[in-house]
1. At a 1.4 Å probe radius, which order do 27, 61, 133 fall into by accessible area, largest first?
2. Just for the chain, what percent of DSSP beta bridges are antiparallel, to the closest 5?
3. Would you compute, from DSSP H runs of 4+ residues alone, the mean residue ellipticity of the chain at 222 nm, taking -39500 (n - 2.57) per run and dividing by the full residue count, rounded to the nearest 500?
4. So how many Lys-Lys pairs in the chain land under 22 Å Cα to Cα, not counting same-chain pairs under 8 apart?
5. Just the number, please: percent antiparallel of the DSSP beta bridges in segment 11-62, rounded to the nearest 5.
6. Pop out the ³J(HN,Hα) list for segment 92-104 in order, Karplus 6.51 cos²θ - 1.76 cosθ + 1.60 with θ = phi - 60°, rounded to Hz; leave Gly and Pro as x.
7. Residues with amide H under 5 Å of residue 55's amide H, sequence separation 5 or more or different chain, H placed in the peptide plane at 1.01 Å from N; which?
8. Using modelled backbone amide H atoms (1.01 Å from N, in-plane), which distant-in-sequence or interchain residues come within less than 5 Å of residue 19's amide H?
Amino acid sequence: MMAADGEFPPVIELNVGGAHHTTSLRTLRKYEDSMLAAMFSGRHNLTRDKEGRYFVDRNGTHFGYILDFLRNEDLPPAELSPEIFKEARYFGIDALCTLLRDVPPLFGEHTGRQEFIARLPEYQENVEKLIQTARESAVAARESKAVVCVYKADSNLDADNLHTCRYQWCASFGPWNATPGINDLLDSITVDLKDRRYNVEYARKGECGIQLGELSWQSCPKQFYEFTFKWW
């Protein structure tokens with residue numbers, strides 16, 4: 001049943017993912033451009049539970065922090081910021097998203113790590129190659145390994161000089177021109193893998209070191225790291 005604007009009571013009973021919340025219609029409409037305001041504008045069909053509460057299929061605990069912000073502009077605990085950010089973005093609470101981006105750990109994620117990743121050629125594609133290689137060798141094994149090549153840009157050296165490196169690899173990260181170093185890159189890869197619930201760790205395998213050219217005293221600086229995926 002579609003509710004007209006005047007059909008909503010001033011006090012709204014909500015069932016958000018099984019958690020019950022009570023708030024005012026005014027609170028839900030605080031930001032006119034938000035999804036919550038649109039939901040309670042009278043323009044949409046809203047589902048009710050058997051008790052007549054308006055049902056929203058989201059995390060009920062996290063929704064409490066959304067209401068705290070709408071009521072008093074209270075921010076969630078820092079450790080919950082990533083989860084609340086997702087809910088704020090879903091409900092279209094742009095003001096909360098903006099504030100959460102400016103506090104740890106989201107500040108570092110959005111202004112640091114993501115900006116760094118954006119400067120790395122084909123970063124996401126290489127992460128997928130790493131995962132695919134590890135999964136392909138995981139049959140009947142407790143763990144599997146995959147080697148990646150890492151090369152940070154050096155304006156004084158052409159590491160793409162044609163030669164065959166000492167190690168084989170499944171994915172190559174770099175080169176890049178940014179302050180973060182190789183360990184920062186490896187930590188970033190690990191963060192993304194763990195976010196996808198992979199149990200993983202890495203260790204240095206070695207450096208290519210092959211001399212670049214017969215008359216050159218410089219050697220290939222490409223480094224190789226082995227990622228170990230533990231499956232059980």
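The values are calculated or read from the model by the stated rules, or taken from the named source; none is laboratory data. In this text, all values refer to a predicted model and were calculated from it rather than measured experimentally. Neighbour counts run over all protein chains shown; Cβ positions are idealised from the backbone, glycine included. Areas reflect the complete protein model, heavy atoms only, side chains present, ligands, DNA and RNA absent. Shrake-Rupley method; radii C 1.70, N 1.55, O 1.52, S 1.80 Å.
1. The ranking, largest first, comes out as 61, 133, 27.
2. 80 percent
3. Counting only the DSSP helices, I get -9000 deg cm²/dmol.
4. Value for the chain: 18.
5. Rounded to the nearest five, the antiparallel share is 70 percent.
6. Per residue, the Karplus-derived 3J(HN,Hα) values read x, 8, 4, 4, 5, 4, 4, 5, 5, 5, 9, 10, x Hz.
7. 15, 47, 48, 49
8. 60
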